[in-house]
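Trainee: Handing you this structure, nothing more for now.
Every number here is computed from the coordinates shown, using simple stated rules; none is lab data. Predicted model, so just to flag it, every value in this text is computed and none were measured. Cβ placement follows ideal geometry from the backbone for every residue including glycine, while neighbour counts extend to all protein chains displayed.
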Amino acid sequence: MFRKILYPTDFSDVAGKALGYLKGLRCAGAEEVVVLRVISDKTLECIQRGITLAGGRDVSQFLKEVHRSLQEETSTQMHRVEQELKEAGYEVKVRVEQGVPQARILEVAEEEQVSVIVLGSHGRSNLASALLGSVSDHVIRHCRQPVIVIKRD
Ligand SMILES: Nc1ncnc2c1ncn2[C@@H]1O[C@H](COP(=O)(O)OP(=O)(O)OP(=O)(O)O)[C@@H](O)[C@H]1O
Ligand SMILES: [Mg+2]
């Protein structure tokens with residue numbers, strides 16, 4: 001029923017909790033996990049604007065450095081998640097994309113023909129008053145696949 005899972009992660013605590021849950025799904029017949037990290041366009045835009053306002057540095061060069069450091073950090077964290085899932089007996093595919101997180105998550109769910117999406121109710125912002133984060137809210141509203149939402153503690 002849940003053979004192929006899409007696990008979008010921002011490496012937040014709640015997404016980490018979802019990872020623990022995901023490992024348990026192996027016993028329920030799940031075989032493959034696509035781990036997806038989307039580097040947000042908005043983050044890169046904010047950084048670009050910040051540098052422009054601060055002045056004094058070559059923006060394009062600085063942006064390249066920021067991008068490289070984001071990619072490096074992401075690949076280290078993705079590798080850790082990949083290892084954990086492999087140890088749990090999964091076949092694992094890792095994807096790092098750039099764009100609007102909620103939109104890319106929906107696109108990748110279609111491209112990969114997953115049976116279910118497993119994600120956290122909240123992510124890095126983790127606002128106390130929010131029932132859901134904006135990414136999980138959008139994905140739950142618009143995806144065609146079943147979703148398992150792991151709530152924060
Ligand atoms: N950039 C991302 N790439 C992949 N998955 C993501 C990304 N951002 C969020 N997610 C997934 O969505 C879940 C919910 O995160 P979301 O961003 O909606 O909450 P938030 O950070 O608390 O709120 P907001 O981003 O609206 O301020 C995360 O636990 C993670 O599974
Ligand atoms: Mg977020």
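Trainee: From the list Asp41, Asp13, pick out the single residue that is touching a strand residue (DSSP E or B) at 6+ places or on another chain (Cβ under 7 Å) and within 11 Å of ligand 1 (Cβ to nearest atom).
Mentor: After ruling out the rest, the residue left standing is Asp41.
Trainee: What tally of residues in the range 27-68 results from selecting those that are under 20 Å from Ala103 (Cα atoms) and not in a strand (DSSP E or B)?
Mentor: Selection size over the range 27-68: 6.
Trainee: Output the residue which, of all residues in the range 39-65 that are surrounded by 10 or more Cβ atoms within 10 Å (Cβ to Cβ) and among the aliphatic types (A, V, I, L, M), is farthest from the chain's Cα centre (by Cα).
Mentor: Across the range 39-65, the extreme among qualifying residues is Ala54.
Trainee: Within the group Val135, Val149, Val114, Val108, which residue is surrounded by 21 or more Cβ atoms within 10 Å (Cβ to Cβ), outside any loop (DSSP other than H, G, I, E, B) and touching a residue at least 24 places away in the same chain (Cβ under 8 Å)?
Mentor: Val135
Trainee: Just to be sure, is Glu73 acidic (Asp, Glu), exposed (fewer than 15 other Cβ atoms within 10 Å of the Cβ) and under 26 Å from Ala28 (Cα atoms)?
Mentor: When the stated conditions are applied, Glu73 does not pass them.
Trainee: Okay, moving on. Looking only at residues in the range 112-140 that are within 16 Å of ligand 2 (Cβ to nearest atom) and charged (D, E, K, R), which one is nearest to the chain's Cα centre (by Cα)?
Mentor: Among those residues, the one meeting the criterion is Arg124.
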